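See structure below.
We did not get these values from a lab; they are worked out from the coordinates using the rules stated. The model shown is predicted, which means the values in this text are computed figures rather than measured ones. Neighbour counts run over all protein chains shown; Cβ positions are idealised from the backbone, glycine included.
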Amino acid sequence: MSVLDDLVTDLSRVPGLGRKSALRMAFYFLKADPVFLQRLGEGIAHLRERLKRCPRCGNYTERDLCEICTDASRDRRTLCVVEQVQDLLNLQRTGEYRGLYHVLHGVLAPLDGVGPTELGLEALVKRIPAEGIEEVILATNPTLEGDTTALYIRRLLGPQVKVTRLASGLPVGGDLEYADRLTIARSLQGRLAMES
């Protein structure tokens, strides 16, 4: 195998990159500025040694605690539980949520060996009274696994704290004609009152 074939094979292992996209990237790298390639290579090589999970929330950070956990301006009464760091980043981009987070790094999947211990749910339960959390927002994905995880956490937390779930349903600009049955059902169940 040539160096190019090896690179394309390695790049195509990245989620979302097929062989054609990997080949396109490899040819881009052949033409790219060597300084850029050096910086990119070093960034990839040192990524895992420089970034670690925040011991409080599970976000990735280079420091002892992540920027969100150390931000004194955040609402410390609300805690949003997400599956992955990417979900946290998407919620942050909206600018709508200013509370704290707890990243599970997965969902309950007993057949894959992922249970409450692997998700660190004990740490989540301990955070509620220790940090004076008044509301936990369950922002797991609306999938079978995400819903199961949310339900499990809801039962685990009991009445000690208010627990809410992100609304789900039709997307903005969505069309009823193309929506599936489950999406329409969730939209009906989570409907909101309209202001007059």
Calculate one ³J(HN,Hα) per residue across segment 36-43 by plugging θ = phi - 60° into the Karplus curve 6.51 cos²θ - 1.76 cosθ + 1.60, and present them in order as whole Hz with x for glycine and proline.
4, 4, 4, 5, 4, x, 5, x
For segment 119-134 and segment 1-53, what is the separation of their C-alpha centers, rounded to whole Å?
39 Å
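Calculate the translational D of segment 75-165 in whole µm² s⁻¹ from Stokes-Einstein, where the hydrodynamic radius comes from the Kirkwood formula applied to all Cα pairs, the temperature is 20 °C and the viscosity 1.002 mPa s. Don't jump to the answer; show the numbers that get you there.
On the way: Rh = 13.2 Å.
It diffuses with D of about 162 µm²/s by this estimate.
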State the three equivalent ellipsoid semi-axes of segment 62-127, derived from the C-alpha gyration tensor as the square roots of 5 times its eigenvalues, in descending order and whole Å.
23, 14, 11
Quick check on the chain: of the DSSP beta bridges with both residues there, what percent are antiparallel, nearest 5%?
20 percent
Taking +1 at the Cβ of each Lys and Arg and -1 at the Cβ of each Asp and Glu, which of V85, G58, G16 sits farthest along the dipole of segment 8-90 towards its positive end, judged by Cα position relative to the Cα centre?
G16
Consider the candidate values (1) 0.94; (2) 1.05; (3) 0.97; state which one is Rg/Rh (Cα atoms, Kirkwood Rh) computed from the structure displayed.
(2)
DSSP loop (so not H, G, I, E, B), at most 14 other Cβ within 10 Å: list which trypsin sites (Lys or Arg not before Pro) in segment 1-62 pass both filters.
R13
Would you mind telling me the antiparallel percentage of the DSSP bridges in segment 75-165, rounded to 5?
5 percent
The long-range amide H neighbours of T164, using H built 1.01 Å from N in the peptide plane and a cut-off of under 5 Å, are V136, I137, L138
Taking θ = phi - 60°, what integer Hz values does the Karplus form 6.51 cos²θ - 1.76 cosθ + 1.60 yield along segment 13-29, in sequence order, with x for Gly and Pro?
7, 5, x, x, 9, x, 5, 5, 5, 5, 5, 4, 5, 4, 5, 5, 4
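Taking Rh as the Kirkwood radius, which is the inverse of the mean 1/r over Cα pairs, what is the Rg/Rh value for segment 18-119? Working shown, then result.
Values: Rg = 18.0 Å, Rh = 16.5 Å.
Taking Rh as the inverse mean 1/r over Cα pairs, Rg/Rh reads 1.09.
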Give the long-range amide H neighbours of C54: residues separated by 5 or more places, or on another chain, with amide H under 5 Å away, using H modelled in the peptide plane at 1.01 Å from N.
N59, Y60, T61
